[in-house]
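Asks: Pasting a structure here, questions to come.
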Amino acid sequence: MKKLAGICMCACLCACLALACADVVAAQTSEGHAPPKVLSISREWVKPGKTGAAHEKTESLFVQAFERANWPTHYLGMESLSGKSRALFFVGYASFEAYEKDQAAQAKNEALSAGFAHASLVDGELLDAFDQSLWSYDEDDSNSGGVNIATMRYFEIERFQIRPGHEEQWTEIMKLVKPALMKGMPDDHWAMYVAAYGMPQPTYIVLTPMKSAAEIDRTFAQGAKFVEAMGPEGMKKLNELSASAIESSETNLFAFNPRMSYVGEDWVKADAFWKVKAAKPAAARKSDEKTSAKP
């Protein structure tokens, strides 16, 4: 929720903001492209010099393991364009029960488990750290608008750490911000999630999908319309509530990477961006090496 963060921070300097929307990710729901109720996020903090092709190569091992198993649950991988070098992997579920069943099924599949273990070992050599978290969809404070994530290229992700005991003030903030955003910036859509496990409580993320960076320019250009929709009294109240309730906030930009994602055929059909040329099996590569070996 870059807009909100901007507002909350600009509140002390001036007034301006930009928003964000949540991951309607790998749980590629065909039901009107609705955001998944439960979101699993894995973060990989990549060592300097190990990003790009090197990391894509190790991540392809995970993709290949899931493809061989023809696994029904998909995931979306993305890389940071700001902040510390890292990769995020989003998996969406209809419920925590669905998450549990998927994890149990993976554990029972010996071939998938073996492939996953090998990939984790190889990929781990490139990482500084790794963590996982589970999030619950906040429908009341979202404006998803039925966005088809398969046609997007970026996520702008805003994280809000709320001071314990100030949850009611956060609710007041959203009651002010959401209608003003919908009025002043009608083209913006977002989904909000609240941390259930793996993050300090209470923490919220707002994720905004974008087709191009031109949408960032548009958002900043429309900031004045948000301020106008809020009005002087509304901005004053927003600044006061933000200063009291928000302990910290951060906004970052991530680019989708099809080579680090395991998506369904519906995504490939929706956008050729997701059609990645399959890597040759190890046996075939060794055969090529023998026949084309240098003297």
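The values are calculated or read from the model by the stated rules, or taken from the named source; none is laboratory data. This one's a predicted model, so the numbers in the text were calculated from it and none came from an experiment. Neighbour counts run over all protein chains shown; Cβ positions are idealised from the backbone, glycine included.
Asks: Go through (1) in a helix (DSSP H, G or I); (2) without any contact (Cβ under 8 Å) to a residue 60 or more places away in the chain; (3) closer than 12 Å to SER142 by Cβ one by one and return the number of the condition GLU168 breaks.
Replies: With respect to (1) in a helix (DSSP H, G or I); (2) without any contact (Cβ under 8 Å) to a residue 60 or more places away in the chain; (3) closer than 12 Å to SER142 by Cβ, GLU168 is out only on (3).
Asks: Determine, yes or no, whether ASP188 is of a type in the set (D, E, K, R), at pLDDT below 95, within 18 Å of THR251 (Cα to Cα) and assigned to a loop (DSSP other than H, G, I, E, B).
Replies: yes
Asks: Filter segment 191-210 down to residues that are polar (S, T, N, Q) and farther than 15 Å from SER144 by Cβ and give me whichever is modelled with the lowest pLDDT.
Replies: In this case the residue turns out to be GLN201.
Asks: Limited to segment 104-135, what total is found for residues that are surrounded by fewer than 16 Cβ atoms within 10 Å (Cβ to Cβ), touching a strand residue (DSSP E or B) at 6+ places or on another chain (Cβ under 9 Å) and closer than 29 Å to ALA34 by Cα?
Replies: So the count comes out to 3.
Asks: Then there's this: Anything in segment 152-188 that is out of contact with any Ser or Thr (no Cβ under 6 Å at 6 or more places or on another chain) and within 19 Å of ALA221 (Cβ to Cβ)? List them, or say none.
Replies: Listed by number, the residues that qualify are TYR154, VAL177, ALA180, LEU181, MET182, LYS183, GLY184, MET185, PRO186, ASP187, ASP188.
Asks: Going by the structure shown, is VAL24 of a type in the set (A, V, I, L, M), touching a His at 6+ places or on another chain (Cβ under 7 Å) and either at pLDDT 95 or above or under 25 Å from THR251 (Cα atoms) (or both)?
Replies: Considered against the rule, which asks whether it is of a type in the set (A, V, I, L, M), touching a His at 6+ places or on another chain (Cβ under 7 Å) and either at pLDDT 95 or above or under 25 Å from THR251 (Cα atoms) (or both), VAL24 comes out as yes.
For (1) at pLDDT below 95; (2) under 30 Å from SER60 (Cβ atoms); (3) loosely packed, with under 15 Cβ neighbours inside 10 Å, each residue gets a yes or a no:
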site: GLN222; (1), (2), (3): yes, no, no
site: SER248; (1), (2), (3): no, no, yes
site: PHE256; (1), (2), (3): no, yes, no
site: TYR262; (1), (2), (3): no, yes, no
site: TRP267; (1), (2), (3): no, yes, no
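Asks: SER82 is checked against (1) hydroxyl-bearing (Ser, Thr, Tyr); (2) surrounded by 14 or more Cβ atoms within 10 Å (Cβ to Cβ); (3) under 30 Å from GLU139 (Cα atoms) and fails just one. What number does that condition carry?
Replies: For SER82, the failing item is (2).
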